Every structure is written in structure tokens, then in C-alpha cells.
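Reviewing the structure listed below.
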Amino acid sequence: QRRRVGIAKSRMLPSIDASAYYGGATGNSGTTTDDAKIFIFFRYPLYSGGELPAAKRRESAKLMQIMARLDAAERNALAEVDQSLVELSSTRARLAAGRRAITQADEALRVERQKFSGGRGTSNDLLLAEEALLRAKTEVAAIKADSQIAVAALRLATGQLQAPVE
């Protein structure tokens, strides 16, 4: 499109053309005459009825539209990368918290087993501790899946991964 704008501008400028001719002719008397001609043409669009400036404005307007779309696409791409990075950072923090929750639930289950085996705890408390541990492990598994999705989204946003075609 930039080339089209340049072409539209150049049509408004003067142009110079040159050509040359050389020819020799032998007459009936055996003499040779040399004939050389040089032509220089200067063209300048004096009046085009506004067609040339209008064409330039049209091409310039198309260029501006293309540039605006390109800027919007770049902003969207950067926003996708930023969002993917934030999501990845969030999943890493959630994963660390989930692992701490597993450690705490595991310790609580160990204590409840000791209490139950010593006759001081109930089976209900033991089951609740096991449930808390399983819930923490399930949450960590879900966070790991979210992390993989965030990595894939980042790779897609940075162009390292092709979008699936349906």
C-alpha cells in the first residue's frame, strides 16, 4: 500500500523521457549519409480534473486504515501475551499454596491416625482428615492443569504454537 501511495504521488510529478536514433543510408551515388536524432520529452500534468490528487488521497486513506488495523492487531497480541503471563504467574502462586495445603493436610491426617490408633480419636475425624488431604491433592491437580493451559496460551500468543484448525 505504501508503494501505491508512492505511485499516486509520482503521477503528479513531471516526467522526462529521452530517446535517440542513429541511422546511416547509402545513396545511388555511393555516398553514405549519417542521420542522428535525439528526442527529449518533458511531461507535466497541468490539469487532471482533480483525479490525481483524489487518487493520492484515496491511497493514503487506505494506508491509514491498514496501519490502524496493524496497530490494533499488535496491541491485541501484546495484551494476549500479558494476560498469559499473568495467568501463568497466578498458577505458580496457587500451586505453591496448594502444595502447602497438601503438607498441612498430610500432617493433620498423621495426627488423626495417631489419635485413632491410641483410642482418643473418632473414625469421623479420621475420615474428615483423609477427605481434606484428597481435596488438597485434587486442587493441586487442577492447578497443574491450569498451569499447562497457561503455558499453551503463552506459546500460542507468542507464535510458538499453531492454533488448532476446526
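If you roll a 1.4 Å probe over the heavy atoms of the protein chains, what accessible area per residue do you get for the chain, in Å²?
78 Å²
Scan (i) 74; (ii) 41; (iii) 62 for the value of percent of Cα pairs over 22 Å apart calculated from this model and give just the label.
(i)
Using only DSSP helix segments of four residues or longer, with each worth -39500 (n - 2.57), what per-residue ellipticity at 222 nm results for the chain after dividing by its residue count and rounding to 500?
About -24500 deg cm²/dmol.
Would you pull out the residues with amide H under 5 Å of Gly121's amide H, same chain only if 5 or more places away, H placed 1.01 Å from N?
The answer is Phe116.
Could you state the angle between the C-alpha long axis of helix 123-157 and the longest principal axis of the C-alpha atoms of the chain, as a value from 0 to 90 degrees rounded to the nearest 10?
With rounding to tens, the tilt is 10 degrees.
If you count, for each residue, the other Cβ atoms within 10 Å and average over each peptide, how do 148-157, 56-65 line up from highest to lowest?
Highest-to-lowest ranking by the protection proxy: 148-157, 56-65.
Starting from the Cα of Ser90, step 7 Å along the direction of its Cβ; do the same at Arg4; then give the gap between the two resulting points in nm.
4.2 nm
Using a 1.4 Å probe on the protein chains only, how many percent of the accessible area of the chain belongs to carbon and sulfur?
Reported share for carbon and sulfur atoms: 56 percent.
Hey, what do the phi angles of the range 33-42 turn into as Karplus ³J(HN,Hα) couplings, whole Hz, using 6.51/-1.76/1.60 and θ = phi - 60°, x for Gly and Pro?
Running phi through 6.51 cos²θ - 1.76 cosθ + 1.60 with θ = phi - 60° gives 10, 8, 10, 10, 9, 10, 10, 10, 10, 10 Hz.
The values are calculated or read from the model by the stated rules, or taken from the named source; none is laboratory data. Keep in mind that what you see is a predicted model, and the values were worked out from it rather than measured. Backbone-built Cβ (ideal geometry, glycine too); neighbour counts: all protein chains shown. In case anyone asks, the SASA skips ligands and DNA or RNA and just uses the protein heavy atoms, side chains included. Shrake-Rupley method; radii C 1.70, N 1.55, O 1.52, S 1.80 Å.
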